[in-house]
Structure formats: structure tokens, C-alpha cells
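Asker: Starting off with a structure, shown below.
The values are calculated or read from the model by the stated rules, or taken from the named source; none is laboratory data. Predicted model, so just to flag it, every value in this text is computed and none were measured. Using ideal geometry, Cβ is built from the backbone for each residue, glycine included, and neighbour counts are taken over all protein chains shown.
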2 protein chains.
Amino acid sequence: MARTQGSHSDITGPRIRRAALRLFARHGFAAVSMRQIAGEVGVQAGALYNYTPDKQTLLFELMRDHMDALLAARAAEAARAGRDPMARLENFTRHHIRFHIERPDEVFIAYMELRNLAPENFAEIERLRHAYEDELETILRNGVAAGDFAVPDPRVATYAVIAMLTGVNTWYRAGGRLSLSEVETLYWDMVRKAVAA
Amino acid sequence: MARTQGSHSDITGPRIRRAALRLFARHGFAAVSMRQIAGEVGVQAGALYNYTPDKQTLLFELMRDHMDALLAARAAEAARAGRDPMARLENFTRHHIRFHIERPDEVFIAYMELRNLAPENFAEIERLRHAYEDELETILRNGVAAGDFAVPDPRVATYAVIAMLTGVNTWYRAGGRLSLSEVETLYWDMVRKAVAA
DNA sequence: GTCTATAAGTTGATAGAC
DNA sequence: GTCTATCAACTTATAGAC
């Protein structure tokens with residue numbers, strides 16, 4: 001449905017980002033046209049360019065905002081979890097699952113659309129992802145030093161744990177056989193044993 | 001470079017599939033045009049339609065061939081691995097890593113382009129993927145019954161292990177710090193411990 | 001089996017009226 | 001800030017010559 005003319009800068013911006021997020025996740029960045037996004041929001045295609053210089057920047061900002069939110073949430077969680085490696089690893093495991101399952105579109109885009117980023121944008125997203133991975137690697141190294149964990153290669157274990165946890169997004173559906181809390185516990189059981197001394 | 005006219009049905013077909021595979025993996029199905037594929041092969045766009053009825057079928061057949069090859073390879077490996085659950089799980093782990101790392105483009109497409117499949121094609125690929133998952137789930141259930149494994153939820157553990165192992169493709173590069181054989185051993189160590197009784 | 005030519009429609013982005 | 005109109009280029013797929 002079309003909109004009447006007028007000024008709506010305060011709400012149109014977020015609506016454009018939400019519509020783009022949903023459509024990019026469903027159909028892929030390349031398959032979605034600026035006209036489709038505009039149609040979803042209820043404006044004409046030309047109006048989008050008041051909010052983003054181009055389609056590429058729209059994609060990049062969705063991914064960067066997601067990674068910023070992830071790192072900010074981790075910083076807050078890490079402060080709560082204390083210093084014990086086992087407690088920190090459990091906190092990381094449960095928080096990763098919860099944070100990612102709450103943002104399926106963002107997670108999907110952040111993994112699938114890396115190849116559609118311009119090189120400088122790709123480098124920035126990779127930098128943020130690396131910062132996230134580094135926290136888990138540090139937890140594992142501290143646990144090894146404390147004698148709690150036996151992890152022959154903390155970097156590889158970091159990749160393995162993150163891939164395993166993010167995989168929840170490919171199958172978990174709310175209202176299914178298991179509650180999210182039960183899923184968290186099942187994965188924590190596997191992570192704990194996989195790195196156990 | 002353009003090709004002169006002539007008949008090349010025996011080689012053009014495979015070349016089209018290889019070019020489409022490479023381009024879809026690099027840029028995404030929606031971002032690749034039939035002209036790009038034709039250009040890579042050295043024919044005009046119209047000639048592609050001697051080999052595929054449309055772009056969608058080209059994608060589907062790449063994915064189906066990959067899943068068929070995976071299931072055939074598994075059947076051959078399973079025959080070699082015997083009946084012991086521990087031996088079968090190690091065989092599955094190492095073979096999954098090796099098979100997937102040898103086919104990065106196929107794996108990328110099989111995971112990323114599911115959303116671009118027509119519904120009936122999607123259902124077929126999902127059926128094949130499910131058959132692959134079922135083998136691992138059966139291994140885990142047999143290991144639990146034999147007292148070798150402690151796995152509270154074999155279906156969830158199946159998802160977790162497969163996601164973890166496929167994750168190797170996102171970071172491993174030949175000629176890097178670790179050989180593929182070392183990587184296999186690191187992952188087998190984590191899988192073994194994660195499901196241990 | 002491949003070519004050229006074409007149909008019919010879509011694309012990202014811009015210009016200027018309001 | 002949004003609209004309409006527009007551009008030049010691109011898209012998948014087909015028809016018919018060779």
C-alpha cells in the first residue's frame with residue numbers, strides 16, 4: 001500500500017533497515033531489489049536514497065550493527081561471569097545460543113552475505129568477528145593454564161565450538177520438542193566434555 | 001575468448017556445470033547471470049539451454065549430484081568401518097572432514113543456496129541431507145546402547161557434530177599451520193570426548 | 001550444437017517537482 | 001522527505017539461421 005507524501009525521517013530509516021534485513025535473509029542480497037525494499041516500507045524506491053547512499057552500504061550497516069551488538073552483549077556478560085574458566089565457558093556457550101537464536105535473520109546474513117561485501121567492508125566485519133572469537137580462545141587458554149581444560153589447539157577448538165553452537169540456528173524452532181533452556185544444557189554438556197581435562 | 005561454431009556436446013556439459021559451480025559459490029546464485037556462465041565456458045548464453053532447461057535446474061542438479069556423491073561415499077566408507085560404534089564414529093568424523101574439504105564450492109552452495117531452490121527441489125535436497133544425518137544418529141544410538149557413548153539426545157548431538165565438522169571449511173587452508181590429517185585428529189579428539197560415556 | 005537477434009521485463013541509481 | 005520519471009544496462013529465455 002502506497003504512502004501519502006510527507007516527512008517521516010524518524011521512522012522510515014529503521015523501517016528500511018528492518019525490511020532489508022528480512023528480505024536479504026529470505027532471498028539473498030543479490031536477489032532483492034531496492035524496489036522490493038521500498039515496497040515493503042511503503043515508499044518509492046527513490047526515497048531509500050535519503051537513508052543510504054547505496055544498497056551495499058545498507059547491507060554493510062546491517063552486518064556491522066549486528067556484530068557491534070554481539071560484542072557489546074559479550075562485554076556485559078563477561079563482566080557478570082567472573083574469572084573462573086569453567087563458569088566463563090558455560091556463560092559463553094549459553095549466551096551464544098541465546099543471542100543467536102533471538103536474531104536468526106541477522107545471523108543468517110552475517111554468515112551468508114560476506115561475499116557480497118566490498119573489500120573494505122568485508123575487512124571490518126572480519127575484524128569484529130575475530131574479536132568475538134578471541135574471547136573464547138582466551139577462555140580456553142586460561143582454562144588450560146588452570147588445569148581445567150585439555151585443549152591441544154585452542155584456536156581450532158574455538159572454531160569448532162562456535163560452529164557447533166551457531167548450528168542451533170539451522171534446526172531449532174520455538175515450540176518444538178525442546179525448550180531453548182534444554183538445548184542450552186545439551187550443548188553445554190557437549191562443550192564441557194569436549195574440552196575437559 | 002569466443003569459440004568457433006561446432007559440436008561439442010560431450011565436453012560442453014561438464015564445463016558448464018563446473019563454471020556454474022564456481023561462479024555460484026563465489027558470487028551467489030542470484031548474482032550470477034547465464035551470460036557470465038556462458039562467457040566462462042566460451043559459448044553464447046543461448047547455447048546453455050541445450051544442456052539445462054533453466055538456471056534453477058542447473059543449481060538443483062549441482063546440489064543433488066553433490067548429495068548423491070556424499071551418500072555414495074558414505075556407503076563405501078561404512079562398509080569398511082565395520083560395526084564397532086567407536087570405529088564407525090571415528091570413520092564418520094575423519095571422512096566428513098576429508099570429503100567436505102575437498103569440495104569447498106559444492107559444500108558452500110549446498111548450505112547457502114537452499115533458499116533459491118524451488119519447493120520440490122528443496123524437498124529432494126532435504127531428503128538426501130536427512131539420510132546423511134540419519135547415519136550419524138544411528139551410530140550414536142548404537143554407541144549408547146553398547147555403553148560406549150553417553151549422549152542424552154542423539155538427534156541434537158548429530159546436528160552438533162555435523163555443524164562442528166563442516167565448520168572446518170570456513171577456516172582451513174591447505175599449506176597452513178596444520179595438515180588435514182592433524183585437523184582430523186584434533187576434531188576426532190573433541191568428538192570422541194563430547195560423546196564419551 | 002552453436003550462433004545471432006530479440007522479446008519482455010527488471011535493475012541500481014539520479015534529477016527535479018512538490 | 002517523498003514523489004514521478006527516466007536512464008542505460010542488465011536479466012532469463014526463445015526463435016530461427018547455419
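Asker: Mind checking which residues of region B:159-197 are over 25 Å from B:Asp105 (Cβ atoms) and of a type in the set (Val, Ile, Thr)?
Answerer: Once the filter is applied, which keeps residues that are over 25 Å from B:Asp105 (Cβ atoms) and of a type in the set (Val, Ile, Thr), region B:159-197 yields B:Thr185, B:Val191, B:Val195.
Asker: Take region A:96-113 and flag every residue that is without any contact (Cβ under 8 Å) to a residue 24 or more places away in the chain and in a helix (DSSP H, G or I). Please lay out each step first, then the result.
Answerer: First, pick out the residues of region A:96-113 that are without any contact (Cβ under 8 Å) to a residue 24 or more places away in the chain: A:102.
Of everything in region A:96-113, nothing turns out to be without any contact (Cβ under 8 Å) to a residue 24 or more places away in the chain and in a helix (DSSP H, G or I).
Asker: In the list A:Arg129, A:Arg173, A:Arg192, A:Arg155, which residue meets the criterion of being part of a loop (DSSP other than H, G, I, E, B), among the charged types (D, E, K, R) and within 14 Å of another protein chain (Cβ to nearest Cβ)? Explain how you work it out, then say what you get.
Answerer: Numbers: A:Arg129 fails: part of a loop (DSSP other than H, G, I, E, B); A:Arg192 fails: part of a loop (DSSP other than H, G, I, E, B); A:Arg155 fails: part of a loop (DSSP other than H, G, I, E, B).
The match here is A:Arg173.
Asker: Does region B:37-57 hold any residues that are within 14 Å of chain A (Cβ to nearest Cβ) and within 14 Å of DNA strand C (Cβ to nearest atom), and which are they? Please lay out each step first, then the result.
Answerer: Let us first name the residues in region B:37-57 that are within 14 Å of chain A (Cβ to nearest Cβ), namely B:55-56.
Residue satisfying the conditions is B:Lys55 alone.
Asker: Regarding B:Arg26, is this residue within 14 Å of chain A (Cβ to nearest Cβ), of a type in the set (D, E, K, R), exposed (fewer than 15 other Cβ atoms within 10 Å of the Cβ) and more than 14 Å from DNA strand C (Cβ to nearest atom)? Don't jump to the end; show me each part of the working.
Answerer: Working: within 14 Å of chain A (Cβ to nearest Cβ): yes; of a type in the set (D, E, K, R): yes; exposed (fewer than 15 other Cβ atoms within 10 Å of the Cβ): yes; more than 14 Å from DNA strand C (Cβ to nearest atom): yes.
Taking the combined requirement at face value, the residue satisfies it.
Asker: Let me ask another. Kindly indicate whether B:Ala76 is within 15 Å of DNA strand D (Cβ to nearest atom) and under 21 Å from the mean Cα position of the chain (by Cα).
Answerer: Values: within 15 Å of DNA strand D (Cβ to nearest atom): no; under 21 Å from the mean Cα position of the chain (by Cα): yes.
Criteria not met by B:Ala76.
Asker: Consider B:Phe60 carefully, then state whether it is out of contact with any His (no Cβ under 7 Å at 6 or more places or on another chain), within 14 Å of another protein chain (Cβ to nearest Cβ), more than 13 Å from DNA strand C (Cβ to nearest atom) and aromatic (Phe, Trp, Tyr).
Answerer: Working: out of contact with any His (no Cβ under 7 Å at 6 or more places or on another chain): yes; within 14 Å of another protein chain (Cβ to nearest Cβ): no; more than 13 Å from DNA strand C (Cβ to nearest atom): yes; aromatic (Phe, Trp, Tyr): yes.
So B:Phe60 fails the test.
Asker: Kindly indicate whether any position in region B:107-118 is modelled with pLDDT of 95 or more, more than 18 Å from B:Thr158 (Cα to Cα) and more than 14 Å from chain A (Cβ to nearest Cβ).
Answerer: Checking region B:107-118: not a single residue is modelled with pLDDT of 95 or more, more than 18 Å from B:Thr158 (Cα to Cα) and more than 14 Å from chain A (Cβ to nearest Cβ).
Asker: Let me ask something additional. Across region B:29-42, what is the total count of residues that are buried (at least 21 other Cβ atoms within 10 Å of the Cβ) and either over 18 Å from A:Gly28 (Cα atoms) or of a type in the set (Gly, Ala, Ser) (or both)? Step through it out loud before you land on a result.
Answerer: Step one: filter region B:29-42 for residues buried (at least 21 other Cβ atoms within 10 Å of the Cβ), giving B:29, B:32, B:37, B:41.
Next cut, either over 18 Å from A:Gly28 (Cα atoms) or of a type in the set (Gly, Ala, Ser) (or both) only: B:37, B:41.
The number of residues fulfilling the criteria is 2.
Asker: Being modelled with pLDDT of 95 or more and not in a helix (DSSP H, G or I) is the filter here; which residues of region A:54-82 pass it?
Answerer: Within region A:54-82, just A:Asp54 meets the criteria.
Asker: Also: If we keep just the residues of region B:63-80 that are in contact (Cβ under 8 Å) with a residue 60 or more places away in the chain and within 25 Å of A:Arg115 (Cα to Cα), which is farthest from DNA strand C (Cβ to nearest atom)? Quick ask: steps written out before the conclusion?
Answerer: First pass over region B:63-80, keeping only residues in contact (Cβ under 8 Å) with a residue 60 or more places away in the chain: B:63-64, B:67-68, B:70-71, B:74.
Okay, now just the ones that are also within 25 Å of A:Arg115 (Cα to Cα), so B:63-64, B:67.
Values: B:Met63: 23, B:Arg64: 22, B:Met67: 27 Å.
Applying the filter and picking the extreme gives B:Met67.
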